[in-house]
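Q: First the structure, which I've put down as structure tokens, then a few questions once you've had a look.
The values are calculated or read from the model by the stated rules, or taken from the named source; none is laboratory data. Bear in mind that the values here come from a model prediction, so they are computed numbers and not experimental data. Note that we place each Cβ from the backbone using ideal geometry, even for glycine, and neighbour counts take in every protein chain shown. When the accessible area is computed, the model is the full protein with side chains, heavy atoms only, and any ligands, DNA or RNA have been set aside. Shrake-Rupley method; radii C 1.70, N 1.55, O 1.52, S 1.80 Å.
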Amino acid sequence: MKTDIKGKRKSSKTSKSEKLKKHFSKYKHLEAIMAATPVGMILFNKDLEISYANPAAEILFGIRFKDLKDRRCGNFIHCLNRYDDPQGCGHGRNCTQCPILNALNLVIKEGRNNLYGEAELVLEHRDIPVWIKFTVNAIKLAGSHFAILCVDDITERKSAELKLKASEEKY
């Protein structure tokens, strides 16, 4: 144990967030790569709390990572279902059907990897539902296990597919 200037005991253990910051500062190129990619990338710890989100994810979901108070997935993506239960994201009646949350749980809790899918999200800050393509993979950083969620907005593609399908059914 260390003591501070006031003589209070302080733990000499480094927190996981401090380890992660050290890891990113040691490998600045990783953060630069994540910041430069056009695909949204969100890093989740073993408790399914967000540890990092790149600028593409912040733009897609309309929130800055540093402004996020509760770091659960539903709060970052502005999921309407996060209000269904006082405990928030992951506890509401519809959360068991969330393909993103299910994939994150399988990666973090069961060790599965390379899970992918598509999801239609109804978000608070958007006028129309947003379609995303996502992939979830396990990653180890600073000695800890994380899940990385990669998301890409495919709303325009889905809209075109639905219009084509409707047109084909019509004729």
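Q: Given the criterion farther than 18 Å from Val107 by Cα and not in a loop (DSSP other than H, G, I, E, B), identify the matching residue among Leu43, Leu60.
A: Unique residue meeting the criteria: Leu60.
Q: Right, another one. Has the stretch 90-113 got at least one residue that is touching an Asp or Glu at 6+ places or on another chain (Cβ under 6 Å) and either modelled with pLDDT under 80 or part of a strand (DSSP E or B) (or both)?
A: Looking only at the stretch 90-113, we keep the residues that are touching an Asp or Glu at 6+ places or on another chain (Cβ under 6 Å), and these are 91-93.
Retained after the next criterion (residues that are either modelled with pLDDT under 80 or part of a strand (DSSP E or B) (or both)): none.
So far as the stretch 90-113 goes, no, none of its residues is touching an Asp or Glu at 6+ places or on another chain (Cβ under 6 Å) and either modelled with pLDDT under 80 or part of a strand (DSSP E or B) (or both).
Q: Collect the residues in the stretch 95-112 that are without any contact (Cβ under 8 Å) to a residue 60 or more places away in the chain and surrounded by 13 or more Cβ atoms within 10 Å (Cβ to Cβ), keeping them in residue-number order.
A: Cys95, Cys98, Pro99, Ile100, Leu101, Asn102, Ala103, Asn105, Leu106, Val107, Arg112
Q: Here is a follow-up. So how many residues does the stretch 68-89 have that are open to solvent by 40 Å² or more (accessible area, probe 1.4 Å), under 19 Å from Ile132 (Cβ atoms) and part of a helix (DSSP H, G or I)?
A: Here the count works out to 2.
Q: Something else: Going by what's in this entry, would Arg64 be described as open to solvent by 50 Å² or more (accessible area, probe 1.4 Å), under 12 Å from the mean Cα position of the chain (by Cα) and free of Cβ contacts under 8 Å to residues at least 60 places away in the same chain?
A: For Arg64, the condition - open to solvent by 50 Å² or more (accessible area, probe 1.4 Å), under 12 Å from the mean Cα position of the chain (by Cα) and free of Cβ contacts under 8 Å to residues at least 60 places away in the same chain - is not met.
Q: Out of the residues in the stretch 114-125 that are open to solvent by 40 Å² or more (accessible area, probe 1.4 Å) and in a strand (DSSP E or B), which is modelled with the lowest pLDDT?
A: The residue in question is Glu120.
Q: Then there is this: Residue check: is Asn75 among the polar types (S, T, N, Q) and within 13 Å of the chain's Cα centre (by Cα)?
A: yes
Q: Which of (1) more than 20 Å from Asn54 (Cβ to Cβ); (2) open to solvent by 80 Å² or more (accessible area, probe 1.4 Å); (3) assigned to a strand (DSSP E or B) does Ile128 not meet, given it meets every other one?
A: If we test Ile128 against (1) more than 20 Å from Asn54 (Cβ to Cβ); (2) open to solvent by 80 Å² or more (accessible area, probe 1.4 Å); (3) assigned to a strand (DSSP E or B), just (3) comes out false.
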